[in-house]
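Below you'll find the structure, written out as structure tokens, and then a few comments.
The values are calculated or read from the model by the stated rules, or taken from the named source; none is laboratory data. Small disclaimer: the values here were computed from a predicted structure and weren't measured. Here the Cβ positions follow ideal geometry from the backbone for every residue, glycine too, while neighbour counts run over all protein chains shown. Quick note on the areas: whole protein, heavy atoms, side chains included, nothing else; ligands and nucleic acids left out. Shrake-Rupley method; radii C 1.70, N 1.55, O 1.52, S 1.80 Å.
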Amino acid sequence: MSSSVSAAAKASAAFAHKKELAAAAPAPTQHRAGSGRRSKPCRVRAVASPARAPRAPASTGSVKTAMTMTEKILARASERAGLEPGENVWVDVDVLMTHDVCGPGTIGIFKKEFGEDAKVWDREKVVIIPDHYIFTNDERANRNVDILRDFCMEQNIKYFYDIKDLSNFKANPDYKGVCHVALAQEGHCRPGEVLLGTDSHTCNAGAFGQFATGIGNTDAGFVLGTGKALLKVPPTIRFVLDGEMPPYLLAKDLILQIIGEISVSGATYKSMEFVGSTIESLNMEERMTLCNMVVEAGGKNGVVPADETTFKYLEGKTSVDYEPVYSDAQARFFSDYRFDVSKLEPVVAKPHSPDNRALARECKDVKIDRVYIGSCTGGKTEDFLAAAKVFLASGKKVKVPTFLVPATQKVWMDLYSLPVPGSGGKTCSQIFEEAGCDTPASPSCGACLGGPRDTYARMNEPMVCVSTTNRNFPGRMGHKEGQIYLASPYTAAASALTGYVTDPRDFLM
Amino acid sequence: MAAAPTAAATVASTAVLAPRPAPTSAFLRRTQATSHRHPILKCRRAGTLTPAAAAGGSSPSSAVFHGEVFVVGDNIDTDQIIPAEHLTLVPSKPDEYRKLGSFAFAGLPTAAYPTPFVDPGEESTRYAVIVGGANFGCGSSREHAPVALGAAGARAVVAESYARIFFRNSVATGEVYPLELHDAGAWKECKTGDVVTVDLGNSVLINHTSGKEYKLKPIGDAGPVIEAGGIFAYARKTGMIASKAAA
Ligand code: SF4
């Protein structure tokens with residue numbers, strides 16, 4: 001988008017772009033993976049030390065092709081010794097996820113192509129998560145969840161996060177909410193694996209050092225029957241983010257910065273690998289925010305190398321053995337981008353494109369009608385903790401309606417139980433109430449994508465909204481003429497307090 | 001694609017490849033494909049993506065699409081192609097499939113696009129071909145997007161470039177032919193309502209109204225899948241899954 005050129009010029013100065021087909025110089029975290037496939041989870045010890053183990057080809061007995069992480073994952077999944085970008089390979093899928101919007105169509109294709117009596121390839125590898133159009137009276141939307149349920153019963157699907165009682169989500173212990181966050185919380189995201197989902201933000205799971213991407217119903221129908229998918233190996237763009245993260249920045253600022261830099265098609269057909277000291281310092285939810293939005297740059301997938309943070313998060317969540325992989329020191333990257341994160345400022349994406357970047361403070365005269373905090377990108381526990389931090393720091397009330405939609409039931413519980421650091425034991429929900437926000441809603445995709453007319457917080461009129469979601473296309477949250485400013489939870493909360501797009505430093509410093 | 005198309009025979013065994021019903025308006029389209037295929041299924045699926053020529057093996061597609069063109073700009077995302085409120089429609093159900101067609105491009109801002117793609121009250125469009133700018137189909141993975149365009153009766157999209165998932169879904173479903181322009185800018189020179197011909201054999205888009213011609217890029221990697229008629233047909237053809245009859 002041309003507008004991103006002028007905007008945030010200062011921020012761009014902190015950024016150096018080296019476009020070259022370089023042999024990788026800095027191997028961020030080079031680990032020796034365990035020898036056998038799917039062996040014990042590899043316990044990596046020295047994450048911080050750049051162990052660049054010399055790897056003479058002779059030492060392994062065979063000449064190895066240097067590969068990026070994404071290439072390696074796909075090589076394993078297709079049982080190939082080496083792969084090059086551009087090759088098309090059939091890969092074995094570890095997990096297939098679908099939801100209420102694309103599941104019924106996927107099931108329809110599966111039945112048509114494989115027969116009414118066909119069985120899915122593996123009942124334990126299919127994860128079905130109703131999350132999009134749940135709390136609505138729309139009959140077809142309700143029917144679609146019924147279709148999922150019937151199919152899961154018939155196929156004895158192991159992981160189906162059902163909801164039957166729409167009047168009270170808490171009466172549905174199995175119900176989770178937004179699929180990408182549920183996948184992570186329920187332990188379905190594991191390093192080194194291939195996860196496909198009928199949702200473009202499936203790339204979210206790349207935060208775990210796995211290959212994860214969105215596919216359509218037809219491809220998903222194929223996977224349901226065979227467990228295989230035909231994938232083209234993407235070249236990898238590497239983003240090196242170094243420097244200490246300033247206390248007013250969140251991962252959302254980083255990814256909006258990157259998308260603004262490379263545009264909404266800057267990574268089309270490509271993998272985006274995030275490395276560097278800043279990335280290593282991010283918690284899992286922040287890494288998810290980063291990977292969640294690679295599709296907004298056209299990316300096929302995003303990856304963050306797995307490390308202690310990853311392994312810690314996974315403890316107790318999965319009993320499946322996994323094996324992380326890492327880019328080789330000599331791997332070839334399509335291009336390298338470098339950021340000094342310590343010099344970046346809070347940014348927003350102005351309507352109507354995620355790459356329409358501007359500094360938050362440049363938009364301080366933009367009057368807003370509402371704030372929305374929710375979705376897979378911006379509705380996780382850490383996102384709400386961040387918003388609460390701003391409200392707490394200001395001690396004031398919001399000036400515009402502020403809608404809170406926790407991504408999952410677990411997030412909702414966290415809002416009502418976790419003490420916010422520095423608050424003297426208050427929970428997020430208490431702080432939100434004191435600030436005059438709307439009561440946290442039932443967990444689901446909510447108004448992130450508009451949805452049926454009666455969806456909570458849907459923009460049914462042309463309004464201006466600051467949102468922690470991931471897309472600001474025309475009509476995305478409902479009304480075609482609605483204007484959406486994408487922002488971090490810090491910036492969203494700060495904007496709620498003033499009624500204008502606001503740099504969170506106004507409250508946090 | 002790693003494997004070049006080998007056997008040609010299996011195409012015939014896949015009844016799923018039958019085309020949609022005859023076009024409503026005689027003017028709209030004529031493809032070699034439609035004239036050769038058996039109209040078995042009521043609606044749906046890969047019909048025209050399997051030009052008759054494909055039965056001959058590896059020869060590239062020689063389909064011709066002719067009709068009026070609908071022109072859109074850069075970065076047309078899937079919310080504009082099919083707004084989320086209509087995603088409750090399930091594409092694999094025939095009546096809902098047709099309904100999806102009636103909502104094709106319903107998300108385009110009316111100010112910028114005063115002419116609707118599908119007239120109010122209609123299920124199909126008069127435009128056989130869509131011309132677009134860069135990054136067509138960006139956004140969500142909703143297969144409803146290519147399906148809506150195909151269900152409305154569009155046969156081909158000619159854009160400067162595509163977002164990955166839309167392109168993939170077009171190929172996998174066979175709903176519309178996703179073609180790329182060799183040079184940028186055609187969408188600025190074409191106007192909605194111009195009469196065009198897309199000639200795949202000669203890789204060219206001809207605008208009869210303006211008298212201009214535009215080169216198309218070769219279909220590339222997706223060729224074998226498109227020629228086979230979608231991902232299922234391709235997988236059967238290459239022996240990845242059993243043929244329909246045996247399944
Ligand atoms: S929260 Fe929004 S972006 Fe995420 S899966 Fe739901 S609709 Fe998609």
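Some points to look at:
- Here the condition is being of a type in the set (K, R), within 16 Å of the ligand (Cβ to nearest atom) and more than 12 Å from chain B (Cβ to nearest Cβ); of A:K158, A:K176, it holds for A:K176 alone.
- Sole residue being among the polar types (S, T, N, Q), more than 8 Å from every other protein chain (Cβ to nearest Cβ) and either farther than 27 Å from A:G108 by Cα or open to solvent by less than 10 Å² (accessible area, probe 1.4 Å) (or both), chosen from B:T115, B:T110, B:T88: B:T115
- Residue within segment A:390-405 that is within 14 Å of chain B (Cβ to nearest Cβ), in contact (Cβ under 8 Å) with a residue 12 or more places away in the chain and more than 16 Å from the ligand (Cβ to nearest atom) present: no
- So B:R155, is it under 15 Å from the mean Cα position of the chain (by Cα), within 13 Å of chain A (Cβ to nearest Cβ) and open to solvent by 10 Å² or more (accessible area, probe 1.4 Å): no
- Selected residue (criterion: farthest from the ligand (Cβ to nearest atom)) from residues of segment A:458-470 that are open to solvent by less than 10 Å² (accessible area, probe 1.4 Å) and either in a loop (DSSP other than H, G, I, E, B) or within 9 Å of chain B (Cβ to nearest Cβ) (or both): A:T468
- Flag for A:L224 being farther than 29 Å from A:D100 by Cβ, buried (at least 21 other Cβ atoms within 10 Å of the Cβ) and out of contact with any strand residue (DSSP E or B) (no Cβ under 6 Å at 6 or more places or on another chain): no
- Within segment A:179-203, considering residues that are within 14 Å of chain B (Cβ to nearest Cβ) and among the aliphatic types (A, V, I, L, M), the one surrounded by the fewest Cβ atoms within 10 Å (Cβ to Cβ): A:L196
- Taken together, A:Y490, A:Y485, A:Y456 contain a single residue that is touching a Leu at 6+ places or on another chain (Cβ under 8 Å) and modelled with pLDDT of 95 or more, which is A:Y490.
- Scanning segment A:212-224 turns up no residue that is away from chain B (no Cβ under 14 Å) and in contact (Cβ under 8 Å) with a residue 24 or more places away in the chain.
- Condition check for A:K350: in contact with a Gly (Cβ under 9 Å, 6 or more places away or on another chain), open to solvent by 10 Å² or more (accessible area, probe 1.4 Å) and in contact (Cβ under 8 Å) with a residue 40 or more places away in the chain: no
- Selection within segment A:88-124 - buried (at least 20 other Cβ atoms within 10 Å of the Cβ), more than 7 Å from chain B (Cβ to nearest Cβ) and among the small types (G, A, S): A:G103
- Note on segment A:241-251: residues that are surrounded by fewer than 22 Cβ atoms within 10 Å (Cβ to Cβ) and among the hydrophobic types (A, V, I, L, M, F, W, C) amount to 1.
- Here segment A:125-142 is the region considered, the condition is being within 15 Å of the ligand (Cβ to nearest atom) and away from chain B (no Cβ under 11 Å), and the residue that is farthest from the chain's Cα centre (by Cα) is A:F135.
- Options A:F169, A:F222; residue that is more than 16 Å from the ligand (Cβ to nearest atom), at pLDDT 95 or above and either on the phi > 0 side of the Ramachandran plot or not assigned by TED's automatic domain parsing to the domain that holds A:N470 (or both): A:F222
- Some residue of segment B:205-219 being within 12 Å of chain A (Cβ to nearest Cβ) and surrounded by fewer than 24 Cβ atoms within 10 Å (Cβ to Cβ): no
- Residue check, A:F473 assigned to a helix (DSSP H, G or I) and in contact with a helix residue (DSSP H, G or I) (Cβ under 8 Å, 6 or more places away or on another chain): no
- Yes/no for A:F384 being within 16 Å of the ligand (Cβ to nearest atom) and open to solvent by 10 Å² or more (accessible area, probe 1.4 Å): no
- Any hit, segment B:130-137, residues being over 30 Å from B:P94 (Cα atoms) and open to solvent by 10 Å² or more (accessible area, probe 1.4 Å): yes
- Subset of segment A:479-495 [buried (at least 24 other Cβ atoms within 10 Å of the Cβ) and either farther than 22 Å from A:A386 by Cβ or within 13 Å of another protein chain (Cβ to nearest Cβ) (or both)]: A:G482, A:I484
- Members of segment A:160-172 that are among the aromatic types (F, W, Y) and either in a helix (DSSP H, G or I) or within 14 Å of the chain's Cα centre (by Cα) (or both): A:F169
- Note on segment A:138-176: residues that are over 20 Å from A:V126 (Cα atoms) and in contact with a Pro (Cβ under 7 Å, 6 or more places away or on another chain) total 3.
- Once segment A:439-456 is narrowed to residues that are within 11 Å of the ligand (Cβ to nearest atom) and not small (G, A, S), the residue that is farthest from the other protein chains (Cβ to nearest Cβ) is A:P443.
- Residues in segment A:477-495 that are within 14 Å of the ligand (Cβ to nearest atom) and free of Cβ contacts under 8 Å to residues at least 60 places away in the same chain: A:G478 only.
- Filtering segment A:150-167 to residues that are buried (at least 17 other Cβ atoms within 10 Å of the Cβ) and closer than 23 Å to A:K111 by Cα leaves A:F151, A:C152, A:Q155, A:I157, A:Y159, A:F160, A:Y161, A:D162.
- Pair list, Cβ under 6 Å, 6 or more apart: segment B:126-151 residue at the interface with chain A (Cβ under 7 Å from one of its Cβ atoms), other residue part of a strand (DSSP E or B) and within 16 Å of the ligand (Cβ to nearest atom): B:C138/B:D77; B:G139/B:D77; B:S141/A:G214
- Test: residue in segment A:283-294 that is within 14 Å of chain B (Cβ to nearest Cβ), within 16 Å of the ligand (Cβ to nearest atom) and under 23 Å from A:A331 (Cβ atoms): yes
- For segment A:267-281, the tally of residues that are within 23 Å of A:L74 (Cα to Cα), open to solvent by 10 Å² or more (accessible area, probe 1.4 Å) and of a type in the set (D, E, K, R) stands at 1.
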